[in-house]
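This report refers to the structure that appears directly beneath it.
The values are calculated or read from the model by the stated rules, or taken from the named source; none is laboratory data. Remember, predicted model here, so these are calculated numbers, not experimental data. Glycine gets a Cβ as well: all are built from the backbone with ideal geometry, and neighbour counts include every protein chain shown. The protein model used for the area step is the full one, side chains on, heavy atoms only, and it has no ligands, DNA or RNA in it. Shrake-Rupley method; radii C 1.70, N 1.55, O 1.52, S 1.80 Å.
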Amino acid sequence: MASSLARLGAALPRARPRAASSVLTPGRWDAAALGASRRAALNVGRCQVHSDVKVAPTSDLKDGDNSSKNWRIKMLYDGDCPLCMREVNMLRERNKSYGAIKFVDISSEDYSPNDNQGLDYETAMGRIHAILSDGTIVTDVEAFRRLYEEVGLGWVYAVTKYEPVATMANAVYGVWAKYRMQITGRPPLEEIMASRKAAGECKDDKVCKM
């Protein structure tokens, strides 16, 4: 009988053990929920810290706050020249990260030749002028090269350091400087000078106080 029962029991399918329940007891559930909430709060805090941090861009620097105090080169430009201002604005934007250029508008009423190595309005209007911090005056393509070097763009004019490129570049610029008033649709310099003199902005025939 015992052996028969044993054989019968062996023939019967065995019941599979029940898997452990995934349902937590109240105590364990509270602990797990508390841990999850703490981790979520920590993650939110981390995200909040990163989202609240704001880095001020270098473009927030203003020319007056930086370049006027620590400038290495001064650029004299014609603020009434539309084509000239495209390049000036580009250099001014670059200069916000360098603070090396001081921009001086020769068409401004505040322009003073005495503050700019004696360069009067008529002379400065004839061609591009730049003044180094030691008082040295540079003109033409060299002025552009020096200015571009100060804002990390020296490669643009690097080739103009060497002959015959230097001579050719200055010749091309000379043509532009001679005819830029006509090219930009402005009256001749003589008429502008006469108009400024009539308006009482000139001390004499050559030196103008802007």
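How do the pairs read when you match residues in the range 98-124 that are crowded, with 20+ Cβ neighbours inside 10 Å with residues anywhere that are in a loop (DSSP other than H, G, I, E, B) and polar (S, T, N, Q), using Cβ under 7 Å and keeping only pairs 6 or more apart or on different chains?
The qualifying pairs are VAL104/ASN116.
Looking at ASN170, ASN95, which is the one that is open to solvent by less than 40 Å² (accessible area, probe 1.4 Å), at pLDDT 95 or above and of a type in the set (S, T, N, Q)?
Matching residue, one of ASN170, ASN95: ASN95.
How do the pairs read when you match residues in the range 164-181 that are on the phi < 0 side of the Ramachandran plot with residues anywhere that are of a type in the set (A, V, I, L, M) and open to solvent by 60 Å² or more (accessible area, probe 1.4 Å), using Cβ under 6 Å and keeping only pairs 6 or more apart or on different chains?
Close Cβ pairs satisfying both conditions: VAL165/VAL159.
Name, by its number, the condition in (1) assigned to a helix (DSSP H, G or I); (2) under 19 Å from SER108 (Cβ atoms); (3) in contact (Cβ under 8 Å) with a residue 60 or more places away in the chain; (4) among the basic types (Lys, Arg) that does not hold for ARG146.
That leaves (2) as the condition not met.
Quick one: in the range 125-143, which of the residues that are among the acidic types (Asp, Glu) and assigned to a helix (DSSP H, G or I) is surrounded by the most Cβ atoms within 10 Å (Cβ to Cβ)?
My answer is ASP140.
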